[in-house]
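Visitor: What follows is a structure written as structure tokens; I'll ask about it next.
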Amino acid sequence: MDALQQQLQVYEQEINEFDPADAAALEQYRIRFLGTKGIVKQVWGEMKNVPVDKKRDAGQLLNSFKQLAEARYEQYAHMLNTVDKKSAVADISLPGTPLPTGTRHPLRVTENEIISIFEKIGFSVATGPEIEDDWHNFTSLNMPEHHPARDMQDTFYVSQNPDWVLRTHTSSVQARILEQQKPPVRVICPGRVYRNETISARAHCFFHQAEGLYVDKDVSFADLKQTLYYFVTEMFGADTKVRFRPSYFPFTEPSAEMDISCTICGGKGCNICKHTGWVEILGCGMVHPNMLRNFGIDPEVYTGFAFGLGIERITQIKYQVNDLRLYSQNDIRFLKQFQSL
Ligand code: DAH
């Protein structure tokens, strides 16, 4: 028992005087004292030689020895860590830790491109709220309550107020601009819109549009066609052809939908264009006189054109994205492919 006690005192001294110079030294300490064949285990092995009546005292001695060895180990490790950290902060010549950079979202890339194309010809950017009231989203756009065209744009209503909806199109921003600004007005309005649709590869409950509006004296359908033709050749290349099909929108008269020659197959026919050689990209028309009147603008003096395009659709055609859901799944493998844009 006395021999054991003496032995422990020697070890305790060694533990207390240990110099934790670096991680390797600390590891040596750990192996020597706390390892599976270390001193703490060894001295516990001595218990079997201790007479029965001394076992209790011996147990206490061994326990406090073990606790000392462990506590000092923690303390030395802590010292090493702080020393390490201090020197890292001090060494400003070390290269920094590189942080991974994110990428622009493909829809944002397309949106930016659309904006810069229209900015070049004098359009400025306008935005509006995503939670809209009935007047700005429907009624002022010549789409009063019970108008059948509302059926095509079923959306989400806000229970707090039956007059509020998640806007179904960026045409609502036309209304907001016309109530604030007198012509000439030349704006492009990008943003998120909502529809009550079942989510699939081709439809989603939210998507993005960019709206264009030009109201001034003497604005004609020829101006509309030329402006959109300019947009298409800037966006998809000089070889792209356009065609206009008569259509119906309550807020324009006459109205049209515009197709471009399929950029994937060059017009020969493929899956993207459903073998027609053409893909629809937007709706457009001359601003309806009723709409101008709703905002106190005299349709005998002013005319205007408007158009609305889907940003997902433009991105799909430009980068061949075949499933709408990819845009909102946040899958890095998809998003990384747009890194260089
Ligand atoms: N707001 C229409 C839609 O979401 C798109 C549209 C068509 C916008 C014709 C216009 C327009 O400004 O003139 O389906």
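The values are calculated or read from the model by the stated rules, or taken from the named source; none is laboratory data. No experiment lies behind these values; they were computed from the predicted model shown. No Cβ is skipped: glycine too gets one built from the backbone with ideal geometry, and neighbour counts run over all protein chains shown. In case anyone asks, the SASA skips ligands and DNA or RNA and just uses the protein heavy atoms, side chains included. Shrake-Rupley method; radii C 1.70, N 1.55, O 1.52, S 1.80 Å.
Visitor: Quick check: is even one residue across segment 133-153 within 16 Å of the ligand (Cβ to nearest atom) and touching a strand residue (DSSP E or B) at 6+ places or on another chain (Cβ under 6 Å)?
Guide: Within segment 133-153, one or more residues are within 16 Å of the ligand (Cβ to nearest atom) and touching a strand residue (DSSP E or B) at 6+ places or on another chain (Cβ under 6 Å).
Visitor: Which residues, counting only those in segment 228-256, are surrounded by 19 or more Cβ atoms within 10 Å (Cβ to Cβ), farther than 26 Å from N271 by Cβ and out of contact with any Ser or Thr (no Cβ under 8 Å at 6 or more places or on another chain)?
Guide: The answer is P250, T252.
Visitor: Would you confirm whether any residue within segment 114-122 is under 30 Å from Y230 (Cα atoms) and within 16 Å of the ligand (Cβ to nearest atom)?
Guide: Yes: segment 114-122 contains one or more residues that are under 30 Å from Y230 (Cα atoms) and within 16 Å of the ligand (Cβ to nearest atom).
Visitor: Could you grab me the full set of residues in segment 18-36 that are open to solvent by 20 Å² or more (accessible area, probe 1.4 Å) and closer than 21 Å to L61 by Cβ?
Guide: F18, R32, L34
Visitor: Moving on. Wholly within segment 263-341, which helices (runs of 4 or more DSSP H) include no fewer than the required count, namely at least 2 residues that are more than 16 Å from the ligand (Cβ to nearest atom) and open to solvent by 20 Å² or more (accessible area, probe 1.4 Å)?
Guide: In segment 263-341, the matching helices (runs of 4 or more DSSP H) lie at 311-319, 332-335.
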